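Each reported figure results from applying straightforward, stated rules to the coordinates on display, with no laboratory input. On a predicted model such as this, the values are computed, not experimentally measured, just so you know. Note: ideal-geometry Cβ built from the backbone for every residue, glycine included; neighbour counts use all protein chains shown.
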Amino acid sequence: MGDAQHTVDLLRAIRHDWLNDLQLIKANLDLMRVDRASEIIASVIVKAKNEALLSNVAGPKLAAFLLTYNLDKPAVSLDVEVTGHPFHLVSYDDKLYAFFKETLDYFNRSVEHHVENTITLRIDQEEDRMKMTLDFVGMIKDVEQAKAFFLRQRSNHSLDFDTEYVHSEEVVLTFSIHR
């Protein structure tokens, strides 16, 4: 029964988001702001394409987590961008799911709630590797605690960060997965 209710709740949240987008488009068309309506449509298309690419690239746990993350209205919103011709990450599913779940949970506990907090996750294929960049913009409460957390994350998940920048208003982590 829990799985059925969870499915219904997910579908309700997804339908709500789609209706919001449609209402924004209709309102802008009613106000004769065709350019703004076109921008919203373009944004919805880009989001849908990124979600499709993510679904095709990531393993099921990671894809489900990232695709449904914003539905719970977390303190830190997530945008995902997939570029290039990514290879499948199914064999890394458990490892990447654990890393992103722990990392996003940490951010939600560790940010100032009076400012907008956003993470952009970029997944780019570069020749023989998949480069993942997590770019947080917002406000971290304790920078030293954040640095210690990411040091543990690197060690716990055997990830080599190509870039690790931790500041009170921005965090950038980049790591690669080789074929």
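Some notes on this structure:
- In sequence order, calculated HN-Hα J values of segment 93-104 (Karplus, 6.51, -1.76, 1.60; Hz; x Gly/Pro): 4, 4, 5, 5, 4, 4, 4, 5, 4, 5, 5, 5
- Listed values for segment 128-143 are Karplus-derived 3J(HN,Hα) couplings in whole Hz (6.51 cos²θ - 1.76 cosθ + 1.60, θ = phi - 60°), namely 9, 9, 9, 9, 10, 10, 9, 10, 9, 10, x, 9, 8, 5, 9, 5, and x replaces Gly and Pro.
- Per residue of the chain, the DSSP helices (runs of n ≥ 4 H) give a summed -39500 (n - 2.57) that works out to -18000 deg cm²/dmol at 222 nm.
- Scattering profile of the chain at q = 0.10 Å⁻¹ [log10 I(q)/I(0), Debye over alpha-carbon scatterers]: -0.45
- Calculated on the alpha-carbon coordinates, the convex hull of segment 98-179 measures out at 80 cubic angstrom per residue.
- Annotation: amide H-H contacts under 5 Å for Ala75 (H modelled 1.01 Å from N, sequence separation of 5 or more, or interchain): none.
- Label sites at Arg15 and Leu31, each approximated as a point 7 angstrom past Cα along Cα to Cβ, lie 2.8 nm apart.
- Look at the alpha carbon pairs under 8 Å that are at least 6 residues apart: their mean separation over the length of the chain gives a relative contact order of 16 percent.
- Shape class of segment 1-96 from the Cα gyration tensor (axes a ≥ b ≥ c, square roots of the eigenvalues): oblate, since a/c reaches 1.5 or more and a/b does not exceed b/c.
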